[in-house]
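Note sheet for the following structure.
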Amino acid sequence: MQLMADDKKVGVLISGTGSNLKALVDALVPIAWVGSNNPDAKGLDFAHRKNIHTFVEPKIKELERLLDETFMQEIEFLVLAGFMRVLSPEFVKKYPKRIINIHPSLLPAFKGTDAIRRAYDYGCKVMGVTIHYVNEKVDEGEIIAQEPLWIVNTILNHNAHHTNQVRYTLKEVEQQVHALEHSMYHKVIRDMLGIGGWG
């Protein structure tokens, strides 16, 4: 069945607090359901309060079976929002350009886990966020959108007549990257659903 633009919704997979999920809900992204591998994910409580259908399945194969048999039929895109498990290549191949992920680096740099800390420790002055389609390899799918973030603060020293670059702390950088994720993800998804909001 071909969904009309007004009927198009996304499904969201989470594993933790669901901060990106909250940003999507606040931006009125139409969400059909929220799934998780973690029964203790705080994002599930948020979804309950918003009357969004939820389900939990810790085993990734069973989770994929549920998605295959039921939940993928209800949505246009599957949105990964802090989902800390890797979907199998067999599952991903079935849904080309229908699974979307957000990653806290400018891919292809710093793929995988702990990307913010690794980029910070490397000494990067520019970091950022990437939204991409999910394929069979981790963080290697086609890039949909990217946005850079400068993590140095340039301060003008009037007495010395030059500028100094002061680097933000790791905690400050993490906060800035996550804020960029929250402001960026919903705009891209709304645009992909054809309901506007990006650009």
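Just so it is clear, none of the values below were taken in a lab; they were calculated from the coordinates. On a predicted model such as this, the values are computed, not experimentally measured, just so you know. Quick reminder, even Gly has a Cβ in these numbers, built from the backbone with ideal geometry, and neighbours come from all protein chains shown.
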Per residue convex hull volume, Cα atoms of the stretch 1-123, in Å³: 126
Loop-resident sites, the stretch 68-100, for trypsin sites (Lys or Arg not before Pro), counting at most 13 other Cβ within 10 Å (DSSP): Lys97
Amide H partners (placed H, <5 Å) of Trp33, local residues excluded: Val12
Among 76-83, 32-39, the order from most to least packed when residues are scored by Cβ within 10 Å on average: 76-83, 32-39
Cα-based reach from Lys9 at 24 Å (exclusive), listing lysines while leaving out same-chain residues under 8 positions away: Lys22, Lys42, Lys50, Lys61, Lys93, Lys94, Lys97, Lys187
J(HN,Hα) series, the stretch 17-25, from Karplus relation 6.51 cos²θ - 1.76 cosθ + 1.60, nearest Hz, glycine and proline x: 5, x, 5, 5, 4, 4, 5, 5, 5
In order through the stretch 136-152: 3J(HN,Hα) via Karplus (6.51 cos²θ - 1.76 cosθ + 1.60), integer Hz, x for Gly, Pro: 6, 10, 4, 6, 10, x, 4, 6, 9, 7, 9, 9, x, 9, 6, 10, 10
Percent of beta bridges antiparallel (DSSP, the chain, rounded to nearest 5): 50
Computed lengthening from Tyr122 to Arg167, 0.36 nm per intervening residue step minus Cα-Cα distance: 14.9 nm
Cα pair distances in the stretch 12-83, grouped into 5 Å bins until the bin that holds the longest one, percent each: 4, 17, 32, 27, 16, 4, 0
Efficiency of FRET from Cβ geometry, Lys137 and Glu69, R₀ 22 Å, rounded to 0.05: 0.30
The stretch 84-155 versus the stretch 1-61: alpha-carbon centroid distance in Å: 20
Residue order, fewest to most surrounding Cβ atoms within 10 angstrom, among His178, His186, His53: His53, His178, His186
